[in-house]
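The structure appears right after this line, and notes come after that.
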Amino acid sequence: MQIDLNADLGEGYGPWRMGDDEALLDVLSSANIACGFHAGDPLIMERTVRAAVARGVDIGAHVGFPDRQGFGRRVMQVERDELCAMVVYQLGALAGIARAQGARVTHMSFHGALGNMAAADAALAAPLVAAVARFDPQLTVLTSPSRALEQAAAAHGLRIAKTFLADRACDRDGLLVPRRLPGAVIHDEAQVLERVRRLLAEGVVVTHEGERLPLRPHAILVHGDTPGAVTLARAVRAAVAEAGGEVVPLSHQNAAST
């Protein structure tokens, strides 16, 4: 069993930092790096890419709404053509920084409110994923289970990689439960690890409604801004090893689907 261990990184701004990215990069196999809209700036992006390259960690673009104050978690009304241009803009920014470091962006994911909207709305997922494909048809789209994004990726020949958000509850369709609902964000480390172990052993996730949802993800995500994220990431990596699995970056996996 091969599985990627990733986190959203580079989510500071100027002198403000969020999470211990350096320590996390010692544990992860892939990083989803903020591209300057919901968080991040050119220098933070460059430093995060450099640190990832030094450790052999895959570099991914984490694109979102232009909403630093709301950390990209607020819904914004943006015309689709403009939103697609914003996606390409963010991809291009990180790709340029990665290229200057002798590396390349291997995958991308949609952040926060933008990700939730695209995952639930095929009419929005289609043009956004088309924009990704126009930018680089070799990119892997990393997403929690989403029929809309999976179908859009397949339509444009993009590789899709499903991720399990260890500390976020999902519904019976695999979509993330809104953060405002009780139990949507799981703070107890023991409960998070129980979910991870069940996933690895049984290939199922217990939904917010208490149902068993079959899931065979390519990746497990730990939120880098969560208190104790480094300790949790190490524990998740240990759980993968205990289950007989191997932590492998997305770009090196042989099981991801197209």
Residue in the range 175-192 that is of a type in the set (Lys, Arg), within 19 Å of residue 143 (Cβ to Cβ) and at pLDDT below 90 present: yes
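Those residues that are out of contact with any Pro (no Cβ under 7 Å at 6 or more places or on another chain) and either touching a residue at least 60 places away in the same chain (Cβ under 8 Å) or farther than 17 Å from residue 117 by Cα (or both), I need them from the range 58-70; list them, please.
Here is the first cut: in the range 58-70, the residues out of contact with any Pro (no Cβ under 7 Å at 6 or more places or on another chain) are 59-70.
Scanning the range 58-70 gives 59, 60, 61, 68, 69.
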Restricting to the range 141-153, and then to whatever is in contact with an Asp or Glu (Cβ under 9 Å, 6 or more places away or on another chain) and surrounded by 24 or more Cβ atoms within 10 Å (Cβ to Cβ), can you tell me which residue is farthest from residue 108 (Cα to Cα)? 146
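Is it the case that residue 123 is outside any strand (DSSP E or B), under 20 Å from residue 33 (Cβ atoms) and at pLDDT 95 or above? If you could, list the steps in order and put the result at the bottom.
Values: outside any strand (DSSP E or B): yes; under 20 Å from residue 33 (Cβ atoms): no; at pLDDT 95 or above: yes.
So residue 123 fails the test.
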Can you work out which of the residues in the range 154-168 that are among the hydrophobic types (A, V, I, L, M, F, W, C) and at pLDDT 90 or above is surrounded by the most Cβ atoms within 10 Å (Cβ to Cβ)? 161
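Name every residue in the range 207-258 that is assigned to a helix (DSSP H, G or I) and farther than 20 Å from residue 20 by Cα, in order of residue number. Talk me through it step by step, then tell me what you get.
So in the range 207-258, the residues assigned to a helix (DSSP H, G or I) come out as 229-242, 250-252.
Scanning the range 207-258 gives 239, 240, 241, 242, 250, 251, 252.
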Any residue at all in the range 186-198 that's β-branched (Val, Ile, Thr), touching a residue at least 40 places away in the same chain (Cβ under 8 Å), out of contact with any helix residue (DSSP H, G or I) (no Cβ under 7 Å at 6 or more places or on another chain) and surrounded by 14 or more Cβ atoms within 10 Å (Cβ to Cβ)? no
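Within the range 136-175, track down each residue that is assigned to a helix (DSSP H, G or I) and farther than 24 Å from residue 93 by Cα. Talk me through it step by step, then tell me what you get.
First pass over the range 136-175, keeping only residues assigned to a helix (DSSP H, G or I): 147-155.
Within the range 136-175, 147, 148, 150, 151, 154, 155 qualify.
The values are calculated or read from the model by the stated rules, or taken from the named source; none is laboratory data. This one's a predicted model, so the numbers in the text were calculated from it and none came from an experiment. In this analysis, Cβ positions are derived from the backbone assuming ideal geometry, glycine residues included, and neighbour counts consider all displayed protein chains.
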